[in-house]
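Asker: I have a structure here, written as structure tokens, and I will follow up with some questions on it.
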Amino acid sequence: MSIAVEKVSKFYGQQQALQDVSFEIGRGEIVGFLGPNGAGKSTMMKIITCYIPPSSGMVRVCGNDVMEQSIEAKRCIGYLPEHNPLYTDMYVREYLSFVGGMYCISNLKARVEEMIETVGLQVEAHKKIETLSKGYRQRVGLAQALIHDPAVLILDEPTSGLDPNQLAEIRNLIVSIGKTKTVMLSTHIMQEVEAMCDRAFIIDRGRIVADNLVMAEVKKSDKTLESIFKEVTL
């Protein structure tokens, strides 16, 4: 199992952000993680990626406990946060080389060029990041998340703020990546989940309120994912 979450709760002082959250994601799946603003999506993703600890419960990534084996877990994870953390004064190749250097990647120059081709940055690779459009900045963010060849990719609102053309391009890219990686993504756009994901979970007020929604089955039913979302989050 690529990601296993068992009875995870998280408190910020007296405020409970997550309550007994449990789910599993297998290898090679693209899974949507849905919920209203403030539902706990980003908190759960930060726990999985070892940025913050859970108050209770257990999370394993590729068999590694995120508390006891955080270094090993991080090696398995590529992470694109909601606010893409780029050094915008760097050039694209320079930035990817910098990130790859932190992972001590061998044949780094070749790996950087491979990532540029994978995410479709060839035309923009010679430019400073600050000059790129939002869509191309997202591609740089995906490239840095993939450069160390992680087994698991965590994407928090990866298409936020993109225009329709950019959205379609990034969506196709994520589907392509999902053929060889485990992908967990959060989004507010239901059509994206239906188009990209194998399954979906819905979280509301820190609790899983819809578990293991299989997209192929949802598409065959008389309900849309959006109508299910509204039912369980009202």
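No value in this document is a laboratory result; all are computed from the given coordinates. All figures in this text were calculated on a predicted structure; none of them were measured in a lab. Quick reminder, even Gly has a Cβ in these numbers, built from the backbone with ideal geometry, and neighbours come from all protein chains shown.
Asker: Under a point-charge model restricted to the Cβ atoms of Lys and Arg (+1) and Asp and Glu (-1), what is the dipole moment magnitude of the stretch 84-149 relative to its Cα centre, in debye to the nearest 20?
Answerer: With Lys and Arg at +1 and Asp and Glu at -1, about 140 debye.
Asker: In addition: Pop a pseudo-label 7 angstrom from the Cα along the beta-carbon direction at both ILE52 and LEU234 and give the gap in nm to one decimal.
Answerer: Inter-label distance under the simple model: 3.1 nm.
Asker: Now, a different point. What distance in nm lies between label points placed 7 Å from Cα along the C-beta direction at GLN191 and ASN212?
Answerer: If labels sit at GLN191 and ASN212, their model points lie 3.1 nm apart.
Asker: Which are the unpartnered cysteines of the chain, meaning those with no other cysteine Cβ under 4.7 Å from their Cβ?
Answerer: CYS50, CYS104, CYS197
Asker: Would you please classify the overall shape of the stretch 84-149 from the alpha carbon gyration tensor, given that a ≥ b ≥ c denote the square roots of the eigenvalues, rounded means a/c under 1.5, and beyond that prolate means a/b larger than b/c while oblate covers the rest?
Answerer: It comes out prolate by the Cα gyration axes.
Asker: Among SER133, VAL193, GLY101, pick out the residue whose Cα is farthest towards the positive end of the charge dipole of the chain, where Lys and Arg carry +1 and Asp and Glu carry -1 on C-beta, about the Cα centre.
Answerer: Checking the options against the dipole of the chain, the answer is GLY101.
Asker: What pairs from LYS109/LYS134; LYS46/LYS74; LYS7/LYS46; LYS7/LYS181; LYS179/LYS223; LYS7/LYS223 go past 18 Å between their alpha carbons? Display every interim value, and only then the final one.
Answerer: Details: LYS109/LYS134 25 Å; LYS46/LYS74 12 Å; LYS7/LYS46 16 Å; LYS7/LYS181 25 Å; LYS179/LYS223 27 Å; LYS7/LYS223 29 Å.
Check vs 18 Å cut-off fails for LYS109/LYS134; LYS7/LYS181; LYS179/LYS223; LYS7/LYS223.
Asker: Then there is this: Check which residues have an amide H placed less than 5 Å from ILE30's amide H, if you skip close sequence neighbours.
Answerer: VAL183, ASP198, ARG199
Asker: Explain nothing, just the number: dipole magnitude of the chain about its Cα centre with +1 on each Lys and Arg Cβ and -1 on each Asp and Glu Cβ, in debye rounded to the nearest 20.
Answerer: So the magnitude is around 180 debye.
Asker: Right, next: Tell me the angle of helix 92-102 to the major Cα principal axis of the chain, expressed in degrees between 0 and 90 and rounded to the nearest ten.
Answerer: Helix 92-102 and the main axis of the chain meet at about 70 degrees.
Asker: I would also like to ask the following. Sorted by mean Cβ packing within 10 Å, highest first, what order do the peptides 150-157, 11-18 take?
Answerer: Per-residue Cβ counts within 10 Å, averaged per peptide and sorted highest first, yield 150-157, 11-18.
Asker: Within the chain, what's the longest run with no trypsin sites (Lys or Arg not before Pro) in a DSSP loop and at most 15 other beta-carbon atoms within 10 Å? Give the range, please.
Answerer: 28-126
Asker: Let me ask something additional. Give the Rg/Rh ratio for the chain, taking Rg as the radius of gyration of the Cα atoms and Rh as the Kirkwood radius, to two decimals.
Answerer: 0.97
Asker: If you average over every viewing direction, what projected area does the convex hull of the Cα atoms of the stretch 81-200 give, in nm²?
Answerer: It is 7.0 nm².
Asker: Also, I was wondering about something else. Suppose only helical runs count, i.e. DSSP H with n ≥ 4. What mean residue ellipticity at 222 nm does that imply for the chain under -39500 (n - 2.57) per run, divided by all residues and rounded to the nearest 500 deg cm²/dmol? Display every interim value, and only then the final one.
Answerer: Numbers: 9 runs with 85 residues, N = 234.
Computed mean residue ellipticity for the chain: -10500 deg cm²/dmol.
Asker: By counting other Cβ atoms within 10 Å of each Cβ, how are PHE23, PHE33 ranked from fewest to most?
Answerer: Ascending number of Cβ neighbours within 10 Å: PHE23, PHE33.
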